[in-house]
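Read through the structure below, which is laid out as C-alpha cells, and then see the notes.
The values are calculated or read from the model by the stated rules, or taken from the named source; none is laboratory data. Small disclaimer: the values here were computed from a predicted structure and weren't measured. Here Cβ is always computed from backbone atoms with ideal geometry, including for glycine, and neighbour counts include all displayed protein chains. These accessible areas exclude ligands, DNA and RNA; they are computed on the full protein's heavy atoms, side chains included. Shrake-Rupley method; radii C 1.70, N 1.55, O 1.52, S 1.80 Å.
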Number of protein chains: 2
Amino acid sequence: MKKVVIALGGNALQKANEPATAEAQQKVCEQTAEQLLAIIKAGYEIVLTHGNGPQVGNIVLQQQIADSERTPAMPFDTCGAMSQGMIGYWLQQAIDKTLVRVGIPKKAVSVVTQTVVDRNDPAFSNPTKPIGPFYSEEEARQIMQEKGYIFKEDAGRGWRRVVPSPKPVDIVEKDAIRDLVEAGHIVIAVGGGGIPVVRNADGTVEGVDAVIDKDLGAAKLAELLDADVLLILTAVEKVAINFRKPNQAELDDVTTDQMKQYMQEGHFAPGSMLPKVEAAVQFAESRPGRLAIITSLEKGFEALQGKAGTRITALR
Amino acid sequence: MKKVVIALGGNALQKANEPATAEAQQKVCEQTAEQLLAIIKAGYEIVLTHGNGPQVGNIVLQQQIADSERTPAMPFDTCGAMSQGMIGYWLQQAIDKTLVRVGIPKKAVSVVTQTVVDRNDPAFSNPTKPIGPFYSEEEARQIMQEKGYIFKEDAGRGWRRVVPSPKPVDIVEKDAIRDLVEAGHIVIAVGGGGIPVVRNADGTVEGVDAVIDKDLGAAKLAELLDADVLLILTAVEKVAINFRKPNQAELDDVTTDQMKQYMQEGHFAPGSMLPKVEAAVQFAESRPGRLAIITSLEKGFEALQGKAGTRITALR
C-alpha cells in the first residue's frame, strides 16, 4: 500500500475571519476530516502534519500576558509542544468522528514530535521569524539586554522578537511514527514543523528557540519514512507561474529541474508558495520515484489519482 | 517480556518549593529518567503515565488571565491536551537523554490520549475537583449564571469552580499505545489521567470538563493493555495503616481483600493514598496473576523484584 505524508495548510485548522476559540477550530478540523475521507477510504497509509502559526502565536501571547512567579512563561519550544497536544487532540478526535460515522475501523493518533536542526545552520546568525507580542523600542531594547533575544522593528507596528528558521535535518520520533503507520493507524506528527531541537556532541537533544517551516518538516518526515507521496495541501488547486499577471499559468505535471528554474526566476512568494515548492522539490529529488503534489484540501484525492493539482517529480 | 504500566507521582515532574519554570521541571524529569533506568535496563515493556495537576492548573490560570477575543481561553479538555504535549515533550526528551548516554537503542514517545468516562457517572451530579483561579462570591455567582459552571466556597480562600471526577471506562488510543510498546518504544500516555471525553450514541467522542484520577487512568490502561504489573510511584516506599499513629505499620505483600478492608476502615487519605490503593486493587482484581505495586520512585526497580514496596495481588 502506498504511503502518503499529507501537509495540512493553515486553513485546515482555522478559517480567516473566524474566532480562535476551541469550538470554532474543532469545527474546521471536522470539515478537514471529511475532506480527507476519500483518501483514507482508498486505503493509503497516512501521516498528517500540520502548521501551528496562529495557535502557537496565541500560546506565546498568553504566556507573556500571564507571566508571573507562580505561572512563569514557558519557552518557545515548550509552547510548540503545547500546540502539538492541543491541535493533535482536535485533529484526532475530528478524524475519529468521521471514521466512526462511516464505519472504518481505524483511529488517528498524535505523536509529540521533535525535529532536529543543525546548530551551525546559517539561519541562526540571521533570525527572521517574528514571534510573540509587539513591544515599544524601549521595552524591546531592555528585553534584548536582559535575555539576549533579538528584536526587529516590524513595518511600523512596533518591535517584535525574531527567531531563526533553520532547515530540518532529522526527526527524533521517526521510528515510532513509522511503526504506528505500518500498524494501520493514521498518525498526526511533526505539528508546526516539529519542536525544534539541536543535537549535542553526546547525542542528546535539547530545545532551541526557532521556527521550522512546516512543509519542509513534512518533506523531511516523508523522506525518512520512505513515503511514496508528499501531498502539500494549501488554499489553491495548482501552483501558478506569473501569479496574478495577465500571463498567469497553472502548472500540472512538472519536473524538479523546471521548478528550480521557476524558483530562480522568482515566480513564488517567499513565506507563501516558495517554501511549499522547496519542500516538494526536496522530497521529489530525495529518491527516484517519489512524487510531490501541491493542491487544495478539496482536490487532494483527485490529485493522488493524477487528475488534479501540481505534480512534481524528478527526471528519471 | 513483562509489560509494566508505571504511574509517576507529582514529584516526578515538579519538586515542592521549586519554581514552575520549564527549566526546573525539565531538570526533575531528567532525575526521574535516571531513576527509571534500572527498570528500562531490565528489559520490561514500559508505558509511563503521569499526573498534570499543577501544570494544567497553571495553564487554566494563564488562559483566564489572558482571555480576550484574540486569545480566547481554551476549555478544560483542551488545556489537558496542552499539558500532555508539554509534559510529554519534557519526559520523552529527558528519557532519551538517559538512554543515549548509556547506549540503549530505545526511544520514548508521547501519545495524546483521550480517556472515556460515562456520561451517567454519579460524579457528574456531584462535582468535587476545584480547578482554576479563586473568585469573590459575587464574581462566582455571575459566572455560574453566565456559563452554567458550578462554584464552591473553598476553605475561606474564595470561590472556585469545581468539576466532576468520573471513573475511566475506556482509553481511545489503547491500540496505538499497545502497538508502540510492542514495537519496543517506551510510551508516555494517559497524561493527567487522559483528556476526559464521553461517548455519544453514534460512537463518536467529545471532550467534557472533568478531572480523571491519574492512578485510576493508569489502572484502566494497564488492564486494557493486559499488563503484568501496575507500578504506582509516589513519595513513600510503602503504604501504611494507622498512618502517623503510634501503631503505624507498613504493608509488604497484601491481598486485595485485605486492602479493601483497610479502605473500609478508613486507613487511607482521600485524594492522597486512597485513590492509589483503589487503582491498585482494581488492577489486581481485573484478571488472575496481575500484580499492583505502590512504592517510591527510588524503590521502583527493587519493588518489581519483590524486594521493596507494597505489593498487592488478588487471592488465587
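Brief remarks on what is shown
- Length-normalised contact order of chain B in % [C-alpha pairs under 8 Å, at least 6 apart]: 20
- Dipole of segment A:159-251, positive direction: furthest Cα of A:ASN247, A:ILE195, A:ALA235, with charges on the beta-carbon: A:ASN247
- Length-normalised contact order for segment B:189-257 - Cα pairs under 8 Å, 6+ apart - percent: 20
- Three-way shape call for segment B:119-245 based on the alpha-carbon gyration tensor, with the a/c threshold at 1.5: oblate
- Alpha-carbon centroid distance for the pair segment A:165-230 / segment A:22-65, whole angstrom: 17
- Near B:ASP213, once Lys and Arg are set to +1 and Asp and Glu to -1 for all other residues with Cβ below 13 Å from its Cβ, the sum equals +2.
- When DSSP beta bridges are restricted to pairs lying wholly in chain B, around 45% turn out antiparallel.
- For the protein assembly as shown, share of DSSP beta bridges that run antiparallel, in % to the nearest 5: 45
- Interface of B with A. Using a 1.4 Å probe and counting protein heavy atoms only, the two chains hide about 4400 Å² of accessible surface, both sides summed.
- Ordering A:GLN93, A:ILE104, A:PRO122 by the projection of their Cα atoms onto the charge dipole of segment A:85-162, which places +1 on the Cβ of Lys and Arg and -1 on the Cβ of Asp and Glu, puts A:ILE104 at the extreme positive end.
- Diffusion coefficient, µm² s⁻¹, Stokes-Einstein with Kirkwood Rh over alpha-carbon pairs of chain B at 37 °C and 0.692 mPa s: 162
- Mean partner shielding of peptide B:105-115, defined as the number of other chain Cβ atoms within 10 Å of each residue Cβ, is 6.
- Each label point was placed 7 Å from the Cα along the Cα-to-Cβ direction; for B:GLN258 and B:GLU69 their separation is 6.5 nm.
- Calculated FRET value between A:LEU315 and B:GLU146, using beta carbons and R₀ = 56 Å, to 0.05: 0.30
- Of the DSSP H helices in chain A, those whose Cα atoms cover at least 24 Å axially and whose Kyte score averages -1.0 or more: A:22-41, A:76-102
- A:ASP170 sits among other residues whose Cβ lies under 9 Å from its own Cβ, and their net charge, with Lys and Arg +1 and Asp and Glu -1, is +3.
- Of all beta-carbon atoms in chain B, the one sitting closest to the axis that brings chain B onto chain A gives B:GLY85, 1, with the distance in whole angstrom.
- For B:LYS2, residues with placed amide H under 5 Å, excluding near neighbours: B:GLU45
- Inter-copy separations for B:GLY103, label at 7 Å along Cα-Cβ, nm, ascending: 5.5
- Only the Cβ atoms of Lys and Arg (+1) and of Asp and Glu (-1) were treated as charged; on that basis the dipole of segment B:69-170 about its Cα centre amounts to roughly 540 debye.
- With label points defined 7 Å past Cα in the direction of Cβ, position A:GLN142 shows copy-to-copy spacings of 3.0 nm, given to one decimal and shortest first.
- Reach of A:LYS97 by Cα under 25 Å, taken over lysines that are not fewer than 8 positions away in the same chain: A:LYS2, A:LYS3, A:LYS15, A:LYS27, A:LYS41, A:LYS106, A:LYS107, A:LYS299, B:LYS167, B:LYS174, B:LYS220
- Within 10 Å of the Cβ of each residue in A:86-97, the mean number of Cβ atoms contributed by other protein chains is 6.
- Per residue accessible area in Å² of the protein assembly as shown, where ligands, DNA and RNA are left out and the probe is 1.4 Å: 41
- Shape category assigned to the protein assembly as shown from the gyration tensor of Cα positions, a/c cut at 1.5: prolate
- Ascending list, in nanometres, of distances separating the A:ASN120 label from those of the other copies (7 Å, Cα toward Cβ): 6.6
- Across all directions, the average flat footprint of the convex hull enclosing the Cα atoms of segment B:191-285 is 7.8 nm².
- Cβ-Cβ distance of A:ILE104 and B:ASN17, R₀ of 45 Å, FRET efficiency by 1/(1 + (r/R0)^6): the value works out to about 0.35.
- B:ALA38 sits among other residues whose Cβ lies under 13 Å from its own Cβ, and their net charge, with Lys and Arg +1 and Asp and Glu -1, is 0.
- For segment B:256-316: rounded, prolate or oblate by the Cα gyration tensor [a/c cutoff 1.5]: oblate
- Per-q log10 I(q)/I(0), segment A:1-99, q = 0.14, 0.22, 0.24 Å⁻¹ (Debye; single scatterer per alpha-carbon; no solvent): -0.58, -1.14, -1.27
- Taking the Cα centre of chain B as origin and assigning +1 to Lys and Arg Cβ atoms and -1 to Asp and Glu Cβ atoms, the resulting dipole is close to 680 debye.
- Stretchable slack from A:LYS307 to A:LEU274, in nm (0.36 nm times residue separation minus alpha-carbon distance): 9.6 nm
- Note on the protein assembly as shown: with neighbouring protein chains present and a 1.4 Å probe, carbon and sulfur make up 47 percent of its accessible heavy-atom surface.
- Zone of B:PHE243's modelled label, taken as backbone nitrogen in segment B:12-42 under 20 Å from a point 7 Å along Cα→Cβ: B:12-17
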